[in-house]
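Student: Encoded as structure tokens, here's the structure I'll be asking about.
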Amino acid sequence: MEINRSAKLSTRPAQAGRLSTRTLIILALVALACGEALAQEPNAAAQQQRDEAPPPMRYVPDDLRRRIEAERDPKERARLCMDIADERLTRAAQFAGEDRFEAATGEVGIYEAVVEDTIRFLHATGHVNNKLRDIFKHVEITLRSHVTRLESIRRELPERHAVYLKEAIEFVRDNRDLALGAFYDDTVIREPRHPAVTTAAGERATSSVPAQAEAEKKPEQHR
């Protein structure tokens, strides 16, 4: 009996050691699983944030539409639209500084719509003359300055919103090209029409060879 009791007592520490090792392994596995779950939570939150950042709507609000449509003179309308565009970029920068990111991109969407409307209206005006080219030039210079402002706003936004500012910058560059394209309309030099009656002095008017005086061409007539 004493021997058996001693044997039982000797086996208890070994069993306790095995139980402790098993418990540690289980605890380690649980800790590892919890760590992976915690690591996945920020990724899931970031994905949810990206999904919750819809692209801005490109539209002109009704009150702005009425102001713009009321101005039919191309120069005054272009000036009004560029003023409105400036205001929208100012508001976008303000909202970005206040961490109101969706409001900031929303202002950029309105800005894009106003710029698009301006370029379309000017191109639909008709014949591109010097006056209209000056208007296009004013718009192009204004849009050029807007690229820098859009870059500044983009740096204030998280990536899920900043991507829309990158697209807005490309949009402005495309519309600058459309404005500059007005300078290349009607620039083909037409060949001058031939006179109804060709004279000796004018028979080479459309040639690269200068016309000769009639006395030099036919000296025998003076004999």
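The values are calculated or read from the model by the stated rules, or taken from the named source; none is laboratory data. These numbers were taken from a predicted model, which means no experiment stands behind them. Methodologically, a virtual Cβ is constructed for each residue, glycine included, from the backbone with ideal geometry; neighbour enumeration extends over all protein chains shown. Surface accessibility is based on the protein's heavy atoms, side chains included, excluding ligands, DNA and RNA. Shrake-Rupley method; radii C 1.70, N 1.55, O 1.52, S 1.80 Å.
Student: Filter segment 148-172 down to residues that are surrounded by fewer than 14 Cβ atoms within 10 Å (Cβ to Cβ) and basic (Lys, Arg), then give me how many there are.
Tutor: So the count comes out to 2.
Student: Quick check, is residue 111 at pLDDT 70 or above, of a type in the set (Ser, Thr, Tyr), under 30 Å from residue 138 (Cβ atoms) and open to solvent by 70 Å² or more (accessible area, probe 1.4 Å)?
Tutor: Judged against the criteria, residue 111 is not a match.
Student: Kindly provide the set of residues from segment 128-147 that are open to solvent by 10 Å² or more (accessible area, probe 1.4 Å) and either closer than 12 Å to residue 165 by Cβ or touching a strand residue (DSSP E or B) at 6+ places or on another chain (Cβ under 8 Å) (or both), ordered by number.
Tutor: 147
Student: Are there any pairs with C-beta distances below 7 angstrom linking a residue in segment 157-177 that is closer than 15 Å to residue 85 by Cβ to a residue that is open to solvent by 90 Å² or more (accessible area, probe 1.4 Å), with the two at least 6 apart or on different chains, and if so which?
Tutor: So the pair list comes out as 176/144.
Student: Is it the case that segment 118-127 has a residue that's charged (D, E, K, R), open to solvent by 30 Å² or more (accessible area, probe 1.4 Å) and in contact with a Lys or Arg (Cβ under 9 Å, 6 or more places away or on another chain)?
Tutor: no
Student: Go through (1) in a helix (DSSP H, G or I); (2) at pLDDT below 95; (3) aliphatic (A, V, I, L, M); (4) under 23 Å from the mean Cα position of the chain (by Cα) and name the single condition residue 53 misses.
Tutor: If we test residue 53 against (1) in a helix (DSSP H, G or I); (2) at pLDDT below 95; (3) aliphatic (A, V, I, L, M); (4) under 23 Å from the mean Cα position of the chain (by Cα), just (1) comes out false.
Student: Turning to a different aspect of this structure: Please work out if residue 76 is under 22 Å from residue 132 (Cβ atoms), in contact with a Lys or Arg (Cβ under 7 Å, 6 or more places away or on another chain), surrounded by fewer than 18 Cβ atoms within 10 Å (Cβ to Cβ) and not aromatic (Phe, Trp, Tyr).
Tutor: Here the answer is no, as residue 76 does not meet what is asked.
Student: On the basis of being within 17 Å of the chain's Cα centre (by Cα) and either within 19 Å of residue 169 (Cβ to Cβ) or in a helix (DSSP H, G or I) (or both), does residue 143 make the cut? Talk me through it step by step, then tell me what you get.
Tutor: Numbers: within 17 Å of the chain's Cα centre (by Cα): yes; either within 19 Å of residue 169 (Cβ to Cβ) or in a helix (DSSP H, G or I) (or both): yes.
Considered against the rule, which asks whether it is within 17 Å of the chain's Cα centre (by Cα) and either within 19 Å of residue 169 (Cβ to Cβ) or in a helix (DSSP H, G or I) (or both), residue 143 comes out as yes.
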